[in-house]
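Chemist: The structure that follows is given in the form of C-alpha cells.
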Amino acid sequence: MGEDFKPTIIGFVCNWCTYAGADLAGTSRLEYPANIRLIRLPCSGRIDPLFIFRAFLQGADGVLVSGCHPGDCHYTTGNYYAKRRLAIIKRLLEYIGLEPGRLRLEWISASEGQRFADVCKEFTARIKELGPQRRLRQRTAGE
Amino acid sequence: MIRFGYYPGCSLESSAVEFDLSLRKVAPLLGIELVELPDWNCCGASAAHSINHLLSLALPARNLAIAEGENLLELMPPCSACYSNLAKANYELLGSPGVLRQINQLIEMNYQGRVRVLSILELLNSIGIEKIVSVVKNNLDGKKVACYYGCLMLRPPKVTGRLDFEQPRGMDEVVRALGGEPVSWGFKTECCGAGFSMSKTEVVLKLCHDILNNARANGAELIALACPMCMSNLDMRQNAILKRYGVKESLPILYITELMGLALGFPPEELGLNRHYIPVTTI
Amino acid sequence: MARIGVFVCWCGVNIAGTVDVERVAEEAEEKISNVVYATDYKYMCSDPGQQIIVEAIKDHRLTGVVVASCSPRMHEVTFQKACLTGGLNPYCMEMANIREQDSWVHKDREEATAKALELIRMKVAKVSKLEPLFPIRVPVTKRALVIGGGVAGIQAALDIADANQEVVLVEKEPSIGGHMAQLDETFPTLDCSQCILTPKMVQVAQHERIKLYSYAEVESVSGYVGNFVVRISKNPRGVDTEKCTGCGVCVERCPVKKIPSEFNAGIGSRSAIYIPFPQAVPNWPVIDQEYCTYYKKKKCGLCQKECAAGAVIFDTEPEFIEEAVGTIVVATGYDPWEPVAYGEYGYGIYPDVVTSLQFERMTSASGPTSGVLKRPSDGEVPREVAFIQCVGSRDNVKGYPYCSRICCMYTAKHAIIARHKAGAQSYVFYIDVRAGGKGYEEFIRRAQEEDGARYIRGKVSRVYQDGKKLIVRGEDTLLGRPVELRVDMVVLASAVKAKSDAGKLARKLNIAYDQYEFYTEAHPKLRPVDTNCAGIFLAGTCQAPKDIPDTVSQASAAASKALAILSAQELTREPLISVVDPLKCNACFSCREVCTFNAIEEETLRSGKKVSKVNPGLCLGCGACVSACRNGALSLKGFTDDQIYAEVNAI
C-alpha cells in the first residue's frame, strides 16, 4: 500500500453532539487528517442503513457513524436506534465480504473535540492499513 | 414428612451436641425428615476464607455437590457459621459459571447449582407457625424470651435474601407459637465476639455482657439462639462475665430447638439440657 | 434546473490562511454542476458580505445558496436572513463548514483546499434538491395548567396569573401548600414557613385568573404545545363546596378521631371529616371515605345532622372536567422516604426515633404539641437529641445514591430549634456537610458555634432503647474511634424521593423521567425547566431534590417559559419535521414505535385506509421514524433521503 493512498471517509453525525464536537476540535485547532467529510443529520437515529451502503458504493473507504453518548440523545432515544441498526449492518457488511473495520460507531459529545480529532486520526490510520475499498465501489466511467 | 438435607457440621458433634439432640427430637413432630448428608466435610469454618478463597468455596461446594447427588435440594445446616459458609459459596458459584467450572474441577464433582441452603430459621418458618402451635404440649406460659439471631444467620442480605436483617422477627414468631413472650430488645443481631473467644477474651466478655444486659433490661428470662458460637460465648463465658462486671443474676441460654423440645413435651435430659454451664433444667 | 450560488468566505485569515479561497470559488463555478455563480469575500457575515448574497440572488436568479464559511451552528440564521432579504426561501440555503472542519484542523494548503471544494460540492448537490419550506404556525390556547399546589405550583400559578394569563391549578390534596406548609421555620433565616406561605396561598384562592381544583387529579392529557386538552377528575369530597361555610362544626362532632394526620406526618391525629390544617386553602372539609362510619356502614351521619348549611352530601362519584390549555407546568413535588430499610435505627419500633418531617411538626406551632418539643413516648422534653443525616441518601445499598440536598441544612436548623425551644444539646452524625448556598455555611457555623450542636463525622450503626434513653452507637471517623451516646430522641434525615405516582403522571404527559422517577429536564444546564415535550415545563422537587429558594426560582423560570408560549398569538416552529406520504404508507406503525414524542397519529383516509400521520405540533424532527419506515413513506423535511443521497453521491 503506497504512502500516497488518500482514503475517503464519510461521517454521518448528529447535529447536537458529534457535529458540535467536530466544531470544538476546530475551535481548539486540533489537527487531524483531511480525509473525513461530515454529513450533518439531526440525530443518529435518522441514519438509514442504506446511507452507509450508498457511501461505500460511492467509493468511501470508511464510514464513521457518531452521535450523542447513550442517555444524552437530544431526542432521548435516537442513538439507541442507531446502535441497534448498526450492529446488524456490521454483520451484513461482514457477510458480503467487507472488512468490519471500515464501519465505525463512536459516541462523541459536543465537549469532546479532542476525542473527535483522536477518532479521526485513528480511523484514518486504520483505513490506510486496510487500503482502498474495492468490494462495494461501483466502477466509474474511467475504470 | 418433608425431606430436608441435614448438614450437622463439626459443632453439632462436639460443643453443641444438645443442638443436634434437640433438633432430631423435635423435627419428626413438625413433619420434618432430616436426612444427614453422607460423608460430609468441614464447611471451612472461620479459617478457610481467611487463607484461601478457592478453598473456602471448594469445601462447601463438595457438600453441596453431595446434597445434589442425593437429591437433597434443600439443605439445612443448623450452625450459623456453616449456614453462612454454604450459602455464601452457593451464591458465588451460582453467580459465576467460570468459578463453578473451576471449583468442579477442584472437587472432581459436577455440582450444577440446584441446591438451596436454608437456615434453621427459614426451615422453621417454612413449616409454618400453625404447625408449631398444633404440636405444643407444655405451653411456655408467657415466659419472656429474648431471641438472639447473631450476626451470620441473616447477613449479608444479598446472600440470605432477607430484608429484615436488622430487625428480624422469625424466631420471635416461633417463640410466640410456643406460648412464650418474645421481648423487644436492641441486640438481636449484635456481634457476640465470635472467633475472638480464645484470642481476645476481654472483647468477648464486654460484647456478651452488653447483650446479656440489654436482654435482662428488657425483661428477658432467657435467651434463645441458633448458633453454637454464640452459645459458647454467652453460656460458657457467662460466669466469667458475671464476675467481671459484678452481676449476680445469670441468664439461661437455650437453642431454639431446646426451647421447642421443652414446649413439645420432651424431658430436659433427652434434649441435652444438662450440658449447659448456666443451669437451664429449671425452666 | 437548479441555479446555485456559492459564496466562499475568507474569514480574514482564518480560512484564507489555509484554503486558497479564490481558487475554490473559481473551480466551484467551473467544475461543479448547477453552480451559476461563485465568489469569495473577506467576511461573508459582514453587512457588505450579506449584501453580495442578496444581490447575487436577484442578479443570477438563484434557486439555492451555498455559503462556504464557518459552522452552521455559528451563522446559519444570519445567512438564512440574507437569503430572505434577497427573495430566496431561507431553507434553500446550506453552509459548507470550511473553517471549523477544514482550515482550522488541517495544515496542508493543498489538502485543505481540495477538501473545501469537496464540502462545497456535497452541499451544492444537497441544495439542488432542497425545497422551499415555511414555518409551521400553531394556534395557542391562552391558559396554563399548573399541576401541584406546593410552593412551586403556587409561585408558578401566581407568576402566570399576574402576567394577565389564565391558570388552572390542580392539587391532589384537599388543600394547597404542599410540604412547605408543614415546615416550622426555614433555613437559613429561621423565618416562619407558614407566615410566608399562607399569604401566597390566599392570593391563589382569591386570584381572579386562577381556577383552583383541589382534591383533584390529572386524569389524562392529549394534544400538543399550544393546544393541550386536560381531563381532570375531582375526587368526591363529601361536602358541597357551594354551601359550606367552613365553620368546622362537622369536624368537631365527628366521632372517628384517631386517624393519623397526614399533615402532621403521622404524629398527631385527625377525624374522618377533616380540614387538613387550620390555614388550609380552600378551607372546606373533606370526608375520608376509608374511615368514615357513614361510608362504611351507612350509619352515623352526625356531620350531616350538625351542618347548619346542609353542605354534607356524602357523594361518592368523582366529577370529570375538561380544560383546554396551551402550556403545562408540572410541580408535583416529592415524598419523604420512609426509613424502614434501616432496621438498625429502629424507626417504627422505638417511638422516640422520628423522621425530620415529624420533628418539624413537633416543633411547629400548628403541630400536635403546639410547638412545644415533647418526645412521643412519654411527652417529656428531650435534653439530648441525636440527628442522623443521609438516611437513605448517598446510600447505594439501602436507599438512593443521590444527595437529597436539603438535609444538611434542615438538620442544622433542627439543632438550632432544639436548643431554642427545648434547651436541648444536639449531636449531628454526618458524612459531609453540604452547605452551598447563600448564607448556608454561616448557618451551619451558627448551629455549631452559637447553639452548641456537636457535629460527629461518621455513620450510626445502631440505635437501641435502654430504659428511657436511646443509645446511639456509631463511629467518629475523624477521631477514628467508636462513639456511644445516650440521648432522649433520635431524628432521621430521611431522603427526598420522587412522588410515588410520578412515573404514572409522566406517562400521561409523555415526559421523560430518570431511574428514581424524577422528571428529566431537556438539558441539564441550558434547558433546566423544559421537558422533552414542547410546552411542558418543570418546577420544584419533581425534577430533583432542592430547597425552597431553588424551587421558587425554578417555578418562576417555568412560569416565564409558559408565558412565552401564552404571549404569542400563534406559535411558529421550524418546519424541519417529518411528513407521511399516505400513498406509500401501509399502516405498520413502526414509526409510532420509535417516536419518543407521541407525534405519530393514526388517520383514516376517505377510502377507509388507515395511515399514520405526523402531528406537526409534537414532531421535533429527529427523523427516527423516517429510517424506521420500510416503505419510504416518511420523509424529514430538510433531510430527505433524496437530499442526503445527493450529498453522499457527490463524494
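Just so it is clear, none of the values below were taken in a lab; they were calculated from the coordinates. These numbers come from a predicted model, not from an experiment. Neighbour counts run over all protein chains shown; Cβ positions are idealised from the backbone, glycine included.
Chemist: What residues have an amide H closer than 5 Å to that of B:Lys143, excluding those fewer than 5 places away on the same chain, when H is modeled at 1.01 Å from N in the peptide plane?
Modeler: B:Glu181
Chemist: So if a site counts as exposed when it's one of the trypsin sites (Lys or Arg not before Pro), its DSSP state isn't H, G, I, E or B, and it has at most 10 other Cβ atoms within 10 Å, what's the longest stretch of chain B without one? Could the numbers behind the result be given before it?
Modeler: Numbers: sites that count: B:Lys137, B:Lys248.
Counting only loop sites that pass the neighbour cut-off, the longest clear stretch is B:1-136.
Chemist: May I ask for the distance between the Cα centers of region C:13-48 and region C:535-563, given as a whole number of Å?
Modeler: Region C:13-48 and region C:535-563 have Cα centres separated by 48 Å.
Chemist: With chain B treated as a Gaussian network of Cα nodes joined by springs under 10 Å, which of B:Thr257, B:Thr160, B:Thr201 yields the largest mean-square fluctuation?
Modeler: Judging by the Gaussian network model, the answer is B:Thr201.
Chemist: Here is a further query. Using a cut-off of 19 Å between alpha-carbon atoms, which lysines can reach C:Lys504, once sequence neighbours fewer than 8 places away in the same chain are excluded?
Modeler: Candidates past the 8-residue exclusion: C:Lys172, C:Lys234.
Chemist: Of the residues A:Val119, A:Val65, A:Val13, which exhibits the maximal mean-square fluctuation in a Gaussian network model of chain A defined by a 10 Å Cα contact cut-off?
Modeler: A:Val119
Chemist: List, in order, the whole-Hz ³J(HN,Hα) value for each residue of region C:349-360 obtained from phi through the Karplus relation with A = 6.51, B = -1.76, C = 1.60 and θ = phi - 60°; use x for Gly and Pro.
Modeler: Residue by residue, region C:349-360 yields 10, 9, x, 8, 9, 10, 8, 4, 5, 5, 4, 4 Hz.
Chemist: Still on this structure, I have one more. Report the Rg/Rh value for region C:4-127, based on alpha-carbon coordinates and the Kirkwood definition of Rh.
Modeler: On the way: Rg = 12.7 Å, Rh = 13.7 Å.
Radius of gyration over Kirkwood radius for region C:4-127 works out to 0.93.
Chemist: Please report, for the Cα atoms of region B:128-275, the Rg to one decimal and the Dmax as a whole number; what are they, in angstrom?
Modeler: 15.2, 45
Chemist: Using only atoms on other chains, find how many Cβ atoms lie within 10 Å of each Cβ of peptide A:54-61 and report the average. Write down the numbers at each step before the final one.
Modeler: Values: counts 7, 5, 1, 2, 5, 1, 2, 0.
Counting Cβ atoms of other protein chains within 10 Å of each residue's Cβ and averaging gives 3.
Chemist: Please state the charge dipole magnitude for region B:166-283, taken about the Cα centre, from unit charges on C-beta atoms (+1 on K and R, -1 on D and E), reported in debye and rounded to the nearest 20. Each step should come with its number before you reach the end.
Modeler: Values: 11 positive and 13 negative charges, 90 e Å.
Once rounded to the nearest 20, the dipole reads 440 debye.
Chemist: More than 31 angstrom separation, counting every C-alpha pair in chain B; what % is that? The partial results should precede the final answer.
Modeler: Values: 10078 of 39903 pairs.
Every Cα pair in chain B considered, those over 31 Å come to 25 percent.
Chemist: What Kirkwood Rh does the protein assembly as shown have if only Cα atoms enter the pairwise 1/r average? Answer in Å. Present the calculation step by step, with values, prior to reporting the outcome.
Modeler: Details: mean 1/r = 0.0284 Å⁻¹.
In the protein assembly as shown this quantity evaluates to 35.2 Å.
Chemist: For chain C, restrict the atom set to alpha-carbon positions and state the Rg and Dmax in Å.
Modeler: 32.1, 98
Chemist: Among the lysines, which fall within straight-line cross-link reach of B:Lys144, defined as a Cα-Cα distance under 21 Å, with same-chain neighbours fewer than 8 residues apart omitted?
Modeler: B:Lys188, B:Lys248, C:Lys468
Chemist: Treating only the Cβ of Lys, Arg, Asp and Glu as charged (+1, +1, -1, -1), what charge dipole size does chain C show about its Cα centre? Round to the nearest 20 debye. Working shown, then result.
Modeler: Numbers: 77 positive and 79 negative charges, 321 e Å.
It works out to roughly 1540 debye.
Chemist: Projecting each Cα onto the charge dipole of chain B (Lys/Arg +1, Asp/Glu -1 at the beta carbon, about the Cα centre), which of B:Ile132, B:Ser22, B:Leu163 comes out farthest on the positive side?
Modeler: The Cα lying farthest towards the positive end belongs to B:Leu163.
Chemist: Could I ask something else about it? If you fit an axis through the alpha-carbon atoms of helix A:18-27 and take the longest principal axis of the Cα set of chain A, what angle between them do you get, 0 to 90°, nearest 10?
Modeler: 90
Chemist: Please give the peptides C:76-84, C:537-545 ranked by average Cβ packing (other Cβ atoms within 10 Å per residue), highest first, as a rough proxy for protection. All intermediate terms of the calculation are to be shown ahead of the outcome.
Modeler: On the way: C:76-84: 18.9, C:537-545: 29.4.
Ranking, from highest mean packing down: C:537-545, C:76-84.
Chemist: Give me a comma-separated list of calculated 3J(HN,Hα) values for region C:469-483, in order, Karplus coefficients 6.51, -1.76, 1.60 applied at θ = phi - 60°, integers in Hz, x for any Gly or Pro.
Modeler: Using θ = phi - 60°, the values come out as 9, 9, 9, 10, 10, x, 10, 9, 6, 7, 8, x, 8, x, 10 Hz.
Chemist: Using a ≥ b ≥ c from the Cα gyration tensor of region C:124-168 (square roots of the eigenvalues), is it rounded, prolate or oblate, where a/c under 1.5 gives rounded and otherwise the larger of a/b and b/c decides, a/b for prolate? Walk me through the numbers before you get to the answer.
Modeler: On the way: a/c = 5.07, a/b = 3.28, b/c = 1.55.
Cα axes put region C:124-168 in the prolate bin.
Chemist: Equivalent ellipsoid semi-axes for region C:1-68, as square roots of 5 times the alpha carbon gyration tensor eigenvalues: give them largest first, rounded to whole Å. List each step's numbers first, then the result.
Modeler: Values: eigenvalues 77, 45, 9 Å².
Whole-Å semi-axes of the equivalent ellipsoid: 20, 15, 7.
Chemist: Ok, one more. Give me, ordered by chain and number, the residues 5 or more places off B:Arg3 or on other chains with an amide H under 5 Å from its own placed amide H.
Modeler: Excluding prolines and chain starts, which carry no amide H, the hits are B:Glu33.
Chemist: Using the alpha-carbon centroid of each, what span in Å lies between region B:214-283 and region C:339-404?
Modeler: Here the two parts' Cα centres lie 36 Å apart.
Chemist: Let me ask something else about it. Could you list, in their original order, any pairs among C:Lys297/C:Lys497; B:Lys25/B:Lys206; C:Lys81/C:Lys123; C:Lys211/C:Lys508; A:Lys128/C:Lys126; C:Lys42/C:Lys637 whose Cα atoms are separated by more than 25 Å? Each step should come with its number before you reach the end.
Modeler: Values: C:Lys297/C:Lys497 37 Å; B:Lys25/B:Lys206 35 Å; C:Lys81/C:Lys123 19 Å; C:Lys211/C:Lys508 22 Å; A:Lys128/C:Lys126 29 Å; C:Lys42/C:Lys637 32 Å.
Violating the 25 Å Cα-Cα cut-off are C:Lys297/C:Lys497; B:Lys25/B:Lys206; A:Lys128/C:Lys126; C:Lys42/C:Lys637.
Chemist: Roughly how many nanometres apart are two label points built 7 Å out from the Cα toward the Cβ at C:Ala308 and C:Lys469?
Modeler: 5.6
Chemist: Would you calculate, for the protein assembly as shown, the mean residue ellipticity at 222 nm contributed by helices, counting each DSSP H stretch of 4 or more residues as -39,500 (n - 2.57) and dividing by all residues, to the nearest 500? Each step should come with its number before you reach the end.
Modeler: Values: 37 runs with 373 residues, N = 1077.
Here the helix-only value at 222 nm equals -10000 deg cm²/dmol.
Chemist: Work out the mean other chain Cβ neighbour count within 10 Å for the residues of A:74-83 and drop it here as an integer. Before the final figure, lay out the partial values.
Modeler: Working: counts 5, 9, 9, 7, 6, 1, 2, 6, 2, 0.
Other-chain Cβ atoms within 10 Å of each residue's Cβ, averaged: 5.
Chemist: Using the Cα gyration tensor of region C:335-497, with a ≥ b ≥ c the square roots of its eigenvalues, what is the shape: rounded (a/c below 1.5), prolate (a/b larger than b/c) or oblate (neither)? Don't skip to the end; give the middle numbers.
Modeler: On the way: a/c = 1.23, a/b = 1.08, b/c = 1.14.
Verdict is rounded for region C:335-497.
Chemist: Next question, about the same structure. In degrees from 0 to 90, rounded to the nearest 10, what is the angle of the helix C:440-449 Cα long axis to the longest principal axis of chain C?
Modeler: Result, in degrees: 30.
Chemist: I've got another one for you. Counting partner chain Cβ atoms within 10 Å of every residue's Cβ in C:393-400, what's the average?
Modeler: Details: counts 0, 0, 0, 0, 3, 3, 0, 0.
Mean shielding by partner chains, rounded to a whole number: 1.
Chemist: OK, next. Once every Cα of region A:1-105 carries one equal point scatterer and solvent is ignored, give the base-10 log of I(q)/I(0) from the Debye formula at q = 0.10, 0.20, 0.22, 0.24 Å⁻¹, two decimals.
Modeler: At q = 0.10, 0.20, 0.22, 0.24 Å⁻¹ the computed log10 ratios are -0.29, -1.06, -1.21, -1.33.
Chemist: Another question, if that's okay. Between region C:56-131 and region C:290-322, how many Å separate their Cα centres?
Modeler: 72
Chemist: As I understand it, the value is the acute angle between the Cα axis of helix C:407-422 and the longest principal axis of the Cα atoms of chain C; what does it come to in degrees, rounded to 10?
Modeler: 20
Chemist: Still on this model: For region C:66-76, take each phi angle, set θ = phi - 60°, evaluate the Karplus expression 6.51 cos²θ - 1.76 cosθ + 1.60, and give the result in whole Hz per residue in order, putting x for glycine and proline.
Modeler: Couplings: 10, 9, 9, 7, 8, 6, x, 5, 8, 10, 4 Hz.
Chemist: Same structure again: Between B:Ala48, B:Ala67, B:Ala194, which gets the highest mean-square fluctuation from a Gaussian network model of chain B, Cα cutoff 10 Å?
Modeler: B:Ala48
Chemist: Another one. Label region C:249-306 by shape, choosing from rounded, prolate and oblate, from the square roots a ≥ b ≥ c of the eigenvalues of the Cα gyration tensor; if a/c is under 1.5 it is rounded, and otherwise prolate applies when a/b is larger than b/c, oblate when it is not. Before the final figure, lay out the partial values.
Modeler: On the way: a/c = 2.10, a/b = 1.39, b/c = 1.51.
It is oblate, given that a/c is not under 1.5 and a/b is not larger than b/c.
Chemist: With only Lys, Arg, Asp and Glu charged, each at its Cβ (+1 for the first two, -1 for the last two), find how big the charge dipole of the protein assembly as shown is about the Cα centre; round to the nearest 20 debye.
Modeler: Numbers: 124 positive and 122 negative charges, 148 e Å.
About 720 debye.
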